[in-house]
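Following: one structure in structure tokens, then a few remarks.
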Amino acid sequence: MPCHAVDLERQHKGTGKINRTNYTRTETKKSLPQSIRLQSVELLNRNLASAIDLKRQAKQAHWNVKGPNFIALHELFDKVAEAAEEFIDLLAERVTTLGGTAEGRIQAVIEHSALSPYPTDTAAEREHVDVLSTALAMFGKAVHEAIDEAARFGDADTADVFTEISREIDKQLWLVEAHLHG
Ligand SMILES: [Fe+2]
């Protein structure tokens, strides 16, 4: 058993209860030190909250958009929701790969999402496009910072997961913002 796994076991035997603050209680034979895994899990879970929020916001736009470009925007916003679902899975499964608990509860989303709440009075097509492109840009910024952060504390694979997501956010932002021009 690797020493970090022993440490984890000792930690939990000592208290007799599950540590619910660090979310890395599952033992794993991964060589990445526990101190790095803890930081990665925290960073991934924080961005998981934003990704879930992004999906909900895309659906909010998908359901409520009205206007002459309804079909195009209704479908575009659903594509953003599909992309967000991919981000959610990538982040959550990286958490569990590292021995952590993926935090997908709605309460955690409210607490940790980096996005602004979707306004309830949004009606015009252009407003939905504007709000959703802002949400994508905010998530993109958080993910970009996460790439650097993960690389800094020594988890290149987690940085790579964030890079993959960042590339797709850029594409989604381009598709949505195209409707603001012209
Ligand atoms: Fe639908």
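The values are calculated or read from the model by the stated rules, or taken from the named source; none is laboratory data. Because the structure is predicted, anything quoted here is derived from the model rather than measured. A quick note on method: Cβ atoms are made from the backbone with ideal geometry, for glycine too, and the neighbour counts reach across all protein chains shown.
For the range 51-64, name all the residues that are within 11 Å of the ligand (Cβ to nearest atom) and of a type outside the set (Gly, Ala, Ser).
Of everything in the range 51-64, those that are within 11 Å of the ligand (Cβ to nearest atom) and of a type outside the set (Gly, Ala, Ser) turn out to be LYS59, HIS62, TRP63.
Might you check whether a residue that is aliphatic (A, V, I, L, M) and at pLDDT below 95 occurs anywhere in the range 100-119?
No, the range 100-119 contains no residue that is aliphatic (A, V, I, L, M) and at pLDDT below 95.
Which ones in the range 87-96 are crowded, with 20+ Cβ neighbours inside 10 Å and in contact (Cβ under 8 Å) with a residue 60 or more places away in the chain?
Those that are crowded, with 20+ Cβ neighbours inside 10 Å and in contact (Cβ under 8 Å) with a residue 60 or more places away in the chain: PHE87, LEU91, ARG94, VAL95.
Just one of the numbered conditions (1) closer than 22 Å to PHE77 by Cα; (2) crowded, with 18+ Cβ neighbours inside 10 Å; (3) modelled with pLDDT of 95 or more; (4) not aliphatic (A, V, I, L, M) is not true of HIS179; which one?
Tallying (1) closer than 22 Å to PHE77 by Cα; (2) crowded, with 18+ Cβ neighbours inside 10 Å; (3) modelled with pLDDT of 95 or more; (4) not aliphatic (A, V, I, L, M), HIS179 fails exactly one: (3).
Anything in the range 73-86 that is more than 13 Å from the ligand (Cβ to nearest atom) and in contact (Cβ under 8 Å) with a residue 60 or more places away in the chain? List them, or say none.
Hits for the range 73-86 are ALA83, GLU86.
Determine whether GLU149 is within 15 Å of GLU42 (Cβ to Cβ), touching a residue at least 40 places away in the same chain (Cβ under 8 Å) and exposed (fewer than 14 other Cβ atoms within 10 Å of the Cβ).
No.
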